[in-house]
Amino acid sequence: MQQQRMRPILDGSPLALLYERDALTIFTYIVRRVSVREDAEDILLEVFLAALEQETLADLHAEKQRAWLLRVAHNKVIDHLRYQQRRSIVPLETVSETLYAHEENEPDVLLLAQEEYAQLRSHVEQLPALQQEVIRLRFSAGLHYHEIARLLNKREGAVRVLLSRALGLLRTIYRRSREDRTV
């Protein structure tokens, strides 16, 4: 991001100083997780708007302010990724060229895939909240174990165990679902 584009006109306010000090760090965090640069810039704006609304942020130590901003950025990125999953935008030209080019793009196959994704979402929602979060961070957001551990304030080994248990529970839920359909 161009430095002059990111820099506000400093008026000496606590938020302006906070932006000056931490915007590049927060933007780097966001842009590594969001594929479209404009979306990353929008999320950065949302983070600092949240900071503007948080009256007690100025009372915190610089390190805690940065941690708060990173947590808000993380939450905004997750919200963005969830929104992107529900909303798929494909240029019409791309669709018309490739719609029936391959068997996997035929309507009945696509419908089955959508049903499978809906079933997966339903099964994941049956998991405890922490396990849901670990699965989403690992598979939806594409984060590595050490990144998830840092975000959740857990050890990397604990995150691996959480994910393993979540996947085991998910397998059990799938088995039960299959058994219920055959009965």
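Computed from the coordinates by the stated procedures, all read-outs in this text should not be read as laboratory data. Everything numeric in this text was worked out from a predicted model, so none of it was measured. Because the Cβ atoms are built from the backbone with ideal geometry, glycine has one as well, and the counts that use them run over all protein chains shown.
A few comments on the model shown:
- Stretch gain in nm, segment Arg32-Arg86, where the contour uses 0.36 nm per residue and the Cα spacing is subtracted: 17.4 nm
- The percentage of C-alpha pairs in the range 1-89 whose separation is greater than 16 Å is 52%.
- Linear extension gain, Asn75 paired with Thr25, 0.36 nm per residue minus alpha-carbon span: 16.4 nm
- With a Förster radius of 35 Å applied to the C-beta separation of Glu115 and Arg150, the computed FRET efficiency comes to 0.45.
- Think of the range 102-183 as a dipole: +1 on every Lys or Arg Cβ, -1 on every Asp or Glu Cβ, centred on the Cα centre; then among Ile135, Leu162, Ala113, Leu162 lies furthest on the positive end.
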